[in-house]
């Protein structure tokens, strides 16, 4: 494999990894507040179709992105309503959301299946930075949403660990009783965190349908939402570490497409299996460190908080 | 720098006619309480008397069904703990409200300041200064999970002081402290009170009430029985008020010849939940027909010891043997087969399954006995359960209803019944009478003594030193995962035991 | 802090022992509410409500053909729901029923294509075994990962769905391709011996009987055997189960194998009874719908039967929707909505709403026997 080919794998890896990155960062925020959101896949699909539709109708890329974020956030609020206020089982609710949102996205996108979008996000080279050898080509010749992802990851990390609202969110995830006693509204924090996670998922979906594979195809996320959930564990709930994981998975995806170019003759079906099998393998490998990882997981993850009755 | 000292009337707390009901019981029945600023006031009563409920109302966690609350002369109606905090009430709970992975400073600040950025150094300094002023030794940047229980409690106190509490409530604060740490705590309490704040502490321990409180209010079965100055009273009087009749400080325990060692533990080591060593080179033996007590402040390895013996936690070194047979590598099922009975501290959790009924819970230990091939012999299971329930006087409305509906005493009786029905030769029991009323406590203690007299080897872990002194033949003291010493209960010296609980080695019996 | 205004505020008060009637009422109410919500949604989206519900009805129960199709759709659902139910009972989140279904179909297909001339009873039995084996193997991988390495099963079971579907797709495109299928690749048709016979002269095949038997067997296992008891205990409280000496690892593997086998039989029954070949799309999401059905049926094998029938009706009705120009995605949305309401409704089963005036009114719950209830009273009163 030539160096040039390897470089294109990395470039495509960053591009492909950005989908995972958006979704994972959102899920990190949600899970750090103690809520498990398994509905990512569905929220991404809704984001994808919303972004595509808005772009299709109004010919406005960024408006499409915004609409996707709102749509994802709305689904996030639905999830929050059920698991926080109605204390439903978080696993089952998330799964149901996927089924529901998949149907919703299919219904909404029926009229634009396979239609070419009027505009898509094209790579834009950042002056000066894109001239850096190797790294410049990989990181600074990407499209606008990728640059947005750099900023969002930094902002999310700063917000979580260096600000008061971030501290409050983390306490809610670690010990809701303590946060409650300190006067922090567990309910409001969790609603906000889940809605934010949904918004990020919508953003991930919009990236997919407007930048990565500009089109709308039913079920086009093909499991990326689930991979993002695995990614959150891999990144031990840290946005910065999620970057490495996201690009790693992105590169695996990108590599798969290029295998045939290298002369490796595997039927396309098996190439498609690669990302899924790779994810499972990663989960197995990190399971060896499970004690430490379990400590890193927000202590109240998955449990509804019920304040003792007054 | 100390936190702002309150004005003359700030610390006055007055609760009048407080009523609080829960399904099935009245926790507070028309209770009055008045505490002045500058006073250390004890709230005394047995488990279930209504002390914590009352303080939960004062701290905003509960709403009273009737009655009024005033702080500093102003009537208050707290709709949340936050409102109580803002009114100057600071509470140190039995189960600390701390976020383990965060630092001391972060915990102290939680919810107490509204700046957007977490300015690290400046706030850490403020916390350090505050700690210094009250003689509280703790490192502001340490993470909570790294601290000892006593230190964590001091962080809780710091939180209240940081918020300039005019009333400090402590719920059973010495439950997790050694006698020496408790004395240090009393000093801090006195200093806080001397600034004009009101200090209220909940306790069921007569000694400390007499030692540190100015006045004491005694609650019994939800009612206020008396309020007196400690100077005008003595332990016997208080005990009588607490229990309502002459209290026997010792349960009658006959002499009994112990037999050969049955349960032996040699050089046992184990790791705790957080990855730190919980047991270090523990060596003990329990003989047939004796009760060996394990004393110590909670969190010094007692729970891990019982878990290792029961097979729920792996040992990192050493061995466990029953009747000479090495069971160190045995599964829990095999240990049950070797005659081990286990009554864990966590009754509705490890011991019994709350959502299942009596029959299902009794079957837990005897699944094979009621099996007919693949199938369960439901009839036999029901009959056997019915017998057990009768024999041990377990009151329940139905054998099929979830056991979570039973009272604490009946739950414990059922648990013990189940374990004893297998006629174990070795019994490991942890905190058997915690949270039980007087009647149930006596019944359980009697059962344990019966087992001992019948030749069972009993390992009894308890935080109640009085219980250990009255029930046990010998007492081992644990501190930080090690056995500091083993003494005969007969001539035991409480102070010596207290010293061992705090880490200084004593005599071995 | 002033006394609060005398406004009524809702409070959730825990019910001690929810009655059967309450449970049933809440669930039926949830289904009804979901339909109402769906109607509202359609209205807002500018779709005609009447024709939609008429289509749903006529497609499912409104004709003999529809009824048969409904049962045919319910059969694989029963299998996947049983698979999900038995795993979820033990808090094993087996989301891979879809993949196990496909791999079971693969197993059955392998047998059918390898020995197409065997006499029907023998071949069909072998196919059932092949289906069970295929599904079980596919569930064994994530099960073993969970039991021995502690890897949470949610993501692996789910990702393996995609892999199984790709695997079958691959076979249909290559080794098992029907040379006579033009354009869109299909697998070779099954021989008559490999096809489940019809029941009488209906369009329903004997898979229905197998489904009923499976539900019965699982019901017996759960209620009457020690294994079922262990599953219940492990699901309720893992620690207590461990102390009672139950091997958690062995039960995880065992339950996953059974779960996978059930989904696998579903795959076999579908390809042998309804589709009569292996092809790329043998499931419109039975594995996922099975989760909804199992949850609605509270993981009870016997309740799964009517609920599966209801959802089978929705699936068939959904197909009918396409004749009035609407995508069957609406059915997924309806299914999801039903479960949303049912999940939310669970809260009402365990709690009832009381309107209280804060801080003044004195009625607590009626005392009943007057004994303390530790489940509700906080510790350390």
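The values are calculated or read from the model by the stated rules, or taken from the named source; none is laboratory data. The model shown is predicted, which means the values in this text are computed figures rather than measured ones. Cβ sites come from the backbone with ideal geometry, for glycine too, and all protein chains shown count toward neighbours.
Just checking, which of A:49, A:25 is more than 13 Å from the chain's Cα centre (by Cα), modelled with pLDDT of 95 or more and farther than 16 Å from residue A:253 by Cβ? Answer to the selection: A:49.
Looking at the stretch A:68-80, is at least one residue without any contact (Cβ under 8 Å) to a residue 60 or more places away in the chain and surrounded by fewer than 24 Cβ atoms within 10 Å (Cβ to Cβ)? Looking through the stretch A:68-80, at least one residue is without any contact (Cβ under 8 Å) to a residue 60 or more places away in the chain and surrounded by fewer than 24 Cβ atoms within 10 Å (Cβ to Cβ).
Residue-level check: of (1) touching a helix residue (DSSP H, G or I) at 6+ places or on another chain (Cβ under 9 Å); (2) over 18 Å from residue B:197 (Cα atoms), residue B:122 misses just (1). For the stretch B:126-135, the count of residues that are within 26 Å of the chain's Cα centre (by Cα), surrounded by fewer than 18 Cβ atoms within 10 Å (Cβ to Cβ) and at pLDDT 85 or above is zero. Name the residue that is surrounded by the most Cβ atoms within 10 Å (Cβ to Cβ), counting only residues in the stretch B:378-405 that are within 11 Å of chain C (Cβ to nearest Cβ) and under 25 Å from residue B:335 (Cβ atoms). Once the filter is applied, the top-ranked residue is B:403.
Residue A:234 meets all of the listed conditions (1) within 20 Å of the chain's Cα centre (by Cα); (2) buried (at least 16 other Cβ atoms within 10 Å of the Cβ); (3) away from chain C (no Cβ under 13 Å) but one, namely (3). Looking at the stretch C:225-274, the helices (runs of 4 or more DSSP H) lying wholly inside it that each contain 3 or more residues that are crowded, with 23+ Cβ neighbours inside 10 Å and more than 14 Å from chain B (Cβ to nearest Cβ) sit at C:248-269. If you go through the stretch B:143-167 and keep only what is touching a strand residue (DSSP E or B) at 6+ places or on another chain (Cβ under 8 Å) and in a loop (DSSP other than H, G, I, E, B), you end up with B:163, B:165, B:166. The residue that is farthest from the other protein chains (Cβ to nearest Cβ), counting only those in the stretch C:211-220 that are surrounded by fewer than 19 Cβ atoms within 10 Å (Cβ to Cβ) and in contact (Cβ under 8 Å) with a residue 12 or more places away in the chain, is C:212. Would you confirm whether any residue within the stretch A:157-166 is over 28 Å from residue B:82 (Cβ atoms), under 21 Å from the mean Cα position of the chain (by Cα) and away from chain B (no Cβ under 14 Å)? No, the stretch A:157-166 contains no residue that is over 28 Å from residue B:82 (Cβ atoms), under 21 Å from the mean Cα position of the chain (by Cα) and away from chain B (no Cβ under 14 Å).
The set of residues in the stretch B:192-237 that are modelled with pLDDT under 85, surrounded by fewer than 21 Cβ atoms within 10 Å (Cβ to Cβ) and in a strand (DSSP E or B) contains only B:220. Of all residues in the stretch B:350-367, those satisfying the criterion of being more than 22 Å from residue B:448 (Cα to Cα), part of a loop (DSSP other than H, G, I, E, B) and within 8 Å of another protein chain (Cβ to nearest Cβ) are B:353, B:354, B:355, B:356, B:367.
The residues in the stretch A:264-277 that are assigned to a helix (DSSP H, G or I) and either surrounded by 18 or more Cβ atoms within 10 Å (Cβ to Cβ) or over 20 Å from the mean Cα position of the chain (by Cα) (or both) can be counted, and the count is 8. Is it true that residue B:21 is farther than 25 Å from residue B:194 by Cα and at the interface with chain C (Cβ under 9 Å from one of its Cβ atoms)? Criteria met by residue B:21. Note on the stretch B:470-484: residues that are more than 23 Å from residue B:273 (Cβ to Cβ) and surrounded by fewer than 20 Cβ atoms within 10 Å (Cβ to Cβ) amount to 1. Among the residues of the stretch B:466-477, those identified as more than 15 Å from residue B:447 (Cα to Cα) and touching a strand residue (DSSP E or B) at 6+ places or on another chain (Cβ under 6 Å) are B:473, B:474, B:475, B:476, B:477.
For the stretch C:207-217, the criterion of being in a strand (DSSP E or B) and at pLDDT 90 or above is met by no residue. Scan the stretch C:131-158 residue by residue and report those that are free of Cβ contacts under 8 Å to residues at least 40 places away in the same chain and in a helix (DSSP H, G or I). C:141, C:145, C:149, C:155, listed by residue number. Across the stretch B:74-119, the number of residues qualifying as within 23 Å of residue B:170 (Cβ to Cβ), at the interface with chain A (Cβ under 7 Å from one of its Cβ atoms) and part of a strand (DSSP E or B) comes to 0.
Matching residues to (1) buried (at least 24 other Cβ atoms within 10 Å of the Cβ); (2) more than 14 Å from chain A (Cβ to nearest Cβ):
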| position | (1), (2) |
| --- | --- |
| C:65 | no, yes |
| C:85 | yes, no |
| C:89 | no, no |
| C:96 | yes, no |
| C:100 | yes, yes |
| C:103 | yes, no |
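Of all residues in the stretch C:275-293, those satisfying the criterion of being in a helix (DSSP H, G or I) and under 17 Å from residue C:158 (Cα atoms) are C:286, C:287, C:288, C:289, C:290, C:291, C:292. Quick check: is even one residue across the stretch C:288-298 within 14 Å of chain B (Cβ to nearest Cβ) and surrounded by fewer than 24 Cβ atoms within 10 Å (Cβ to Cβ)? Within the stretch C:288-298 (the criterion being within 14 Å of chain B (Cβ to nearest Cβ) and surrounded by fewer than 24 Cβ atoms within 10 Å (Cβ to Cβ)), the answer is yes, since at least one residue qualifies. One residue stands out in the stretch A:97-127 among those that are facing another protein chain (nearest Cβ under 8 Å) and without any contact (Cβ under 8 Å) to a residue 24 or more places away in the chain: the one that is surrounded by the fewest Cβ atoms within 10 Å (Cβ to Cβ), namely A:110. Residues in the stretch C:161-170 that are within 7 Å of chain A (Cβ to nearest Cβ) and either touching a residue at least 60 places away in the same chain (Cβ under 8 Å) or closer than 13 Å to residue C:97 by Cβ (or both): C:162, C:163, C:169. Test residue B:112 against the stated conditions and say whether it is modelled with pLDDT under 85, out of contact with any helix residue (DSSP H, G or I) (no Cβ under 8 Å at 6 or more places or on another chain) and over 19 Å from residue B:185 (Cα atoms). No.
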